[in-house]
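Here's the structure we're looking at; comments come further down.
The values are calculated or read from the model by the stated rules, or taken from the named source; none is laboratory data. As the structure is a computational prediction, the values presented were derived from the model and not from experiment. Please note: Cβ atoms are built from the backbone with ideal geometry, for glycine as well, and neighbour counts cover all protein chains shown.
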Amino acid sequence: MMKKIKVLIVDDSPVVRNILSRELSKDALIEIIGTAPDPYIARDKIVRLKPDVITLDVEMPRMDGITFLQKLMVYHPMPVIILSSLTPSGCETALKALELGAVEVMHKPEIDLSYKLKEMIILLVDKIKAADAVKYRFNANALKNKKIAAPVPLKMTSMLKTTDKIVAIGASTGGTEALRSIIAVLPPNFPGTVVTQHMPENFTQSFADSLDKISQVEVREGKNGDTVRPGLVFIARGNYHMLLRRSGARYYIEVKQGPLICRQRPSVEVLFNSVAKCAGKNAIGVILTGMGNDGAFGMLQLKESGAFTIAQDEQSCVVFGMPKEAIKAGAVEKILPLNRIPQALMNRLAVM
């Protein structure tokens with residue numbers, strides 16, 4: 001019999017605590033060992049009950065969730081999933097939580113919309129399992145402080161001035177910091193890049209803005225009709241699938257909803273399949289840290305279409321799920337540690 005994942009729910013709303021306790025308990029691998037209305041009570045229950053994973057609200061009485069998270073990571077580091085209302089100001093808070101060592105950030109359940117609650121619980125169950133599988137023991141700087149190899153700048157050529165080349169990247173748990181380490185070192189003439197990172201609606205704009213501030217390329221949240229060209233990186237909007245389309249020599253973005261694919265929206269699978277169809281041998285696919293199998297068969301489609309494919313290695317992954325499944329599917333040509341991926345992209349583009 002498999003060991004159950006012990007979960008502590010920390011939220012000041014009794015309604016949210018009750019809903020999460022009831023719905024999460026329906027999964028055979030999850031055991032709700034307790035709830036807490038504020039961080040002080042949570043602190044005592046953590047010591048006494050020893051949970052495997054915590055879900056943590058941001059706005060709470062007596063101590064806010066971010067202050068509690070910061071203290072927790074110093075004195076009792078463990079997997080934490082942030083549940084936030086994700087207002088515009090809340091998105092900045094959510095980014096701070098990820099920098100401090102939170103494994104994931106999710107939108108709080110909308111208790112008056114049963115279909116949204118159902119989807120949210122599906123995603124939260126997956127994120128709890130991913131959090132339990134995390135190998136890094138939550139040094140908040142575990143990824144951020146890794147040395148990234150300086151890339152060789154691409155020479156401006158006529159080929160690079162066209163939209164012929166496309167780079168597609170997929171990531172989930174641990175992906176925000178992994179993407180930060182890659183995108184921050186890309187040169188300003190880097191080929192048009194499309195990224196699907198599993199994250200909630202309203203969060204991706206703030207994430208794109210934060211990447212844009214530290215990068216030589218321009219980073220945006222993808223919108224319908226956006227032209228994909230050198231010097232631009234597009235992040236898939238939360239709760240929407242992002243696809244690459246082509247009209248003549250022009251690549252552009254399509255954004256749409258539709259069902260969860262591989263239990264995700266946005267889905268890496270959807271992005272990779274569209275890139276395989278539209279760009280083929282002119283593309284490079286990269287799959288980074290994350291739980292589950294989203295993107296594995298899309299990456300196989302990329303490889304079979306002539307694209308070059310890279311997977312992050314197990315040692316540098318926060319969760320070696322998505323890359324592992326892509327490797328098992330025979331979809332990966334190169335397996336690399338995170339800090340060698342930027343240089344590998346440069347090297348490959350030089351010979352394409």
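Here are the numbers for this structure:
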{"read-out": "Number of positions in the range 245-292 that are in contact with a His (Cβ under 8 Å, 6 or more places away or on another chain) and of a type outside the set (A, V, I, L, M, F, W, C)", "value": "8"}
{"read-out": "Yes/no for residue 41 being surrounded by fewer than 16 Cβ atoms within 10 Å (Cβ to Cβ) and either in a helix (DSSP H, G or I) or modelled with pLDDT under 90 (or both)", "value": "yes"}
{"read-out": "Qualifying residue in the range 175-184 (condition: modelled with pLDDT of 85 or more, surrounded by fewer than 16 Cβ atoms within 10 Å (Cβ to Cβ) and not in a loop (DSSP other than H, G, I, E, B))", "value": "no"}
{"read-out": "Tabulated pairs, the range 256-269, first closer than 22 Å to residue 286 by Cα, second modelled with pLDDT of 95 or more and among the charged types (D, E, K, R), C-beta under 6 angstrom, 6+ apart or interchain", "value": "261/269; 262/269; 262/294; 264/294; 267/294; 268/294; 269/294"}
{"read-out": "Matching entry among 234, 203 (being within 28 Å of residue 97 (Cβ to Cβ), out of contact with any strand residue (DSSP E or B) (no Cβ under 6 Å at 6 or more places or on another chain) and among the aromatic types (Phe, Trp, Tyr))", "value": "203"}
{"read-out": "Set 338, 300: member being of a type in the set (A, V, I, L, M), buried (at least 18 other Cβ atoms within 10 Å of the Cβ) and closer than 30 Å to residue 249 by Cα", "value": "300"}
{"read-out": "Of residues in the range 195-223 being among the aliphatic types (A, V, I, L, M), closer than 29 Å to residue 121 by Cβ and not in a loop (DSSP other than H, G, I, E, B), the one farthest from the chain's Cα centre (by Cα)", "value": "208"}
{"read-out": "For residue 329: the one exception among (1) among the hydrophobic types (A, V, I, L, M, F, W, C); (2) surrounded by fewer than 22 Cβ atoms within 10 Å (Cβ to Cβ); (3) within 22 Å of residue 183 (Cβ to Cβ)", "value": "(3)"}
{"read-out": "For residue 112: the one exception among (1) closer than 16 Å to residue 204 by Cα; (2) at pLDDT below 75; (3) not aromatic (Phe, Trp, Tyr)", "value": "(1)"}
{"read-out": "Helices (runs of 4 or more DSSP H) completely within the range 224-340 that count 2 or more residues being of a type in the set (Gly, Ala, Ser), in the same structural domain as residue 181 (by TED's automatic domain parsing) and touching a helix residue (DSSP H, G or I) at 6+ places or on another chain (Cβ under 6 Å)", "value": "296-304"}
{"read-out": "Single residue of the range 239-253 satisfying the filter (without any contact (Cβ under 8 Å) to a residue 60 or more places away in the chain and closer than 27 Å to residue 184 by Cβ) that is surrounded by the most Cβ atoms within 10 Å (Cβ to Cβ)", "value": "242"}
{"read-out": "Qualifying residue in the range 11-29 (condition: in a strand (DSSP E or B) and buried (at least 22 other Cβ atoms within 10 Å of the Cβ))", "value": "no"}
